[in-house]
Amino acid sequence: KVLYRKPGKKKWTTLVEFEEANGGYYPAWISDDGERMYVSSNVTPEGDVRDKAAIYEYDIDANKIGKLVFEHPDVDVGGVWASDVKEDIVAVTYNDEKPGRHFVDEEWAKIIASIEKAFPDKIVSPSSITEDEMQMVVTVWDSKNPAAYYLFNRNNNNMEELAIAYDWLNADALGEMKPVSIEARDGLTLPGFLTLPPGTDGKNLPLVINPHGGPRARDYWGFNPEVQLMANRGYAVLQVNFRGSTGYGQEFDKAGWGKWGAEMQNDVTDAVLWAIEQDIADPDRICIYGGSYGGYAAMAGLTFTPELYKCGINYVGVTDINLLFETMPASWKLAREEMKRTIGDPDDEEAARLMAERSPINHVDKIRVPLLMGYGKQDPRVVLDHALK
């Protein structure tokens, strides 16, 4: 539900109520006077469900979606930059291969472009700003630099360095993260990111495939300390946004529903095979490492495709899908129905059987290689029995 209350009023009004699976919208920005709003919506003004979320104007009084502001062909769009001085949004933000933005205000487009000239090939984002918006703290970063902070004064166009995060890091000793596109066995395009060790030719390397957690989440381009640690030690690191990852539209998300250990795992496998085919990975030196759902994917890799890997690391990974439902904490109860839809219904006999079949705990005899597991004894989400059963 999206609830709205006019300033100074006590009554709440329900603007929309929807099931996530069927599309809806979320507020992206609302004016201080509560009269104007923009939404990130999977629904068009005509009421049709669209695949990728886009930013629309919203008519609060008429309770209807208005004019399209910005859409992206490949990813969901959900964020905006707003100006209190202009009392409106100035840019729409999104994450594709790299973070991007579409300016709807010409003045702000020129401001950011002037700063970007000083930092070519870097991502520039305002992180704090004065009330009159004449001075701002700007964060500058890329995949090898976590963040540098500068004070930008629009009055004199002056830039002053404030702080460098992790200033002891040597960027030359880190790997550049590059967007990649991988074709799955059924033709689905899988976005991903490849980080190569510095000083290598990118060929015949030891590889760590690092599936993300969630699984209804995604990997992003940028500085990742774990990835850089591995790249610094000589490993290529491959992250793939397998089907079921969010941010790439509803079809891509729904393609992973009920597919743990099946098509979702095939995508991880296909990413490894792609790295081998591209001569990036030495097929005899490949490891899989992930946490939470990524830990599940690591265990599924070691049990369902054991021939691919020489080692594995499972950090708080689900090994028994039915157990995940049996032991879920109280804070997850409201999400149980959504989890049944996206993972599987343990109350349905056939679904529960399939979930057991796709649970690595029931295939541990197939593991051929060293495995490191890390769990928290008091973790209420992925309980210790996933490691001890």
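The values are calculated or read from the model by the stated rules, or taken from the named source; none is laboratory data. Keep in mind it's a predicted model, so treat the numbers as computed, not measured. Virtual Cβ from ideal backbone geometry, glycine too; neighbours counted across all protein chains shown. Accessible surface areas use protein heavy atoms only, side chains included; no ligands, DNA or RNA. Shrake-Rupley method; radii C 1.70, N 1.55, O 1.52, S 1.80 Å.
Where in the stretch 274-389 are the helices (runs of 4 or more DSSP H), entirely inside, with at least 3 residues that are of a type in the set (Gly, Ala, Ser) and buried (at least 17 other Cβ atoms within 10 Å of the Cβ)?
Result: 293-304.
State all residues of the stretch 70-79 that are modelled with pLDDT under 95 and more than 16 Å from the chain's Cα centre (by Cα); if no residue qualifies, say none.
none
Take the residues in the stretch 1-29 that are open to solvent by 70 Å² or more (accessible area, probe 1.4 Å) and in a strand (DSSP E or B), then tell me which one is nearest to Lys340 (Cα to Cα).
So, considering only residues that are open to solvent by 70 Å² or more (accessible area, probe 1.4 Å) and in a strand (DSSP E or B), the one nearest to Lys340 (Cα to Cα) is Tyr26.
Could you tell me whether any residue of the stretch 274-293 is free of Cβ contacts under 8 Å to residues at least 24 places away in the same chain, among the charged types (D, E, K, R) and over 18 Å from Lys340 (Cα atoms)?
Yes, that holds for at least one residue.
Filter the stretch 38-49 for residues that are open to solvent by less than 40 Å² (accessible area, probe 1.4 Å) and under 19 Å from Pro73 (Cα atoms) and give the result.
Once the filter is applied, which keeps residues that are open to solvent by less than 40 Å² (accessible area, probe 1.4 Å) and under 19 Å from Pro73 (Cα atoms), the stretch 38-49 yields Val39, Ser40, Ser41, Asn42, Val43, Thr44.
For the stretch 217-262, enumerate the residues that are acidic (Asp, Glu) and either within 18 Å of Ser181 (Cβ to Cβ) or surrounded by 20 or more Cβ atoms within 10 Å (Cβ to Cβ) (or both).
Hits for the stretch 217-262 are Asp219, Glu251, Asp253.
Out of Asp172, Asp132, which single residue is over 20 Å from the mean Cα position of the chain (by Cα), loosely packed, with under 13 Cβ neighbours inside 10 Å and in a loop (DSSP other than H, G, I, E, B)?
Result of the check over Asp172, Asp132: Asp132.
Give the residues of the stretch 71-103 that are closer than 22 Å to Glu131 by Cβ and among the aliphatic types (A, V, I, L, M), sorted by residue number.
Val80, Ala82, Val85, Ile89, Val90, Ala91
Considering only the stretch 50-65, state which residues are within 23 Å of Phe252 (Cα to Cα) and either over 29 Å from the mean Cα position of the chain (by Cα) or open to solvent by less than 20 Å² (accessible area, probe 1.4 Å) (or both).
Ala53, Ala54, Ile55, Tyr56 - these are the residues of the stretch 50-65 that are within 23 Å of Phe252 (Cα to Cα) and either over 29 Å from the mean Cα position of the chain (by Cα) or open to solvent by less than 20 Å² (accessible area, probe 1.4 Å) (or both).
Checking the conditions here, which among Lys110, Lys52, Lys67 is at pLDDT 95 or above, closer than 21 Å to Arg216 by Cα and not in a loop (DSSP other than H, G, I, E, B)?
That would be Lys52, the only listed residue that is at pLDDT 95 or above, closer than 21 Å to Arg216 by Cα and not in a loop (DSSP other than H, G, I, E, B).
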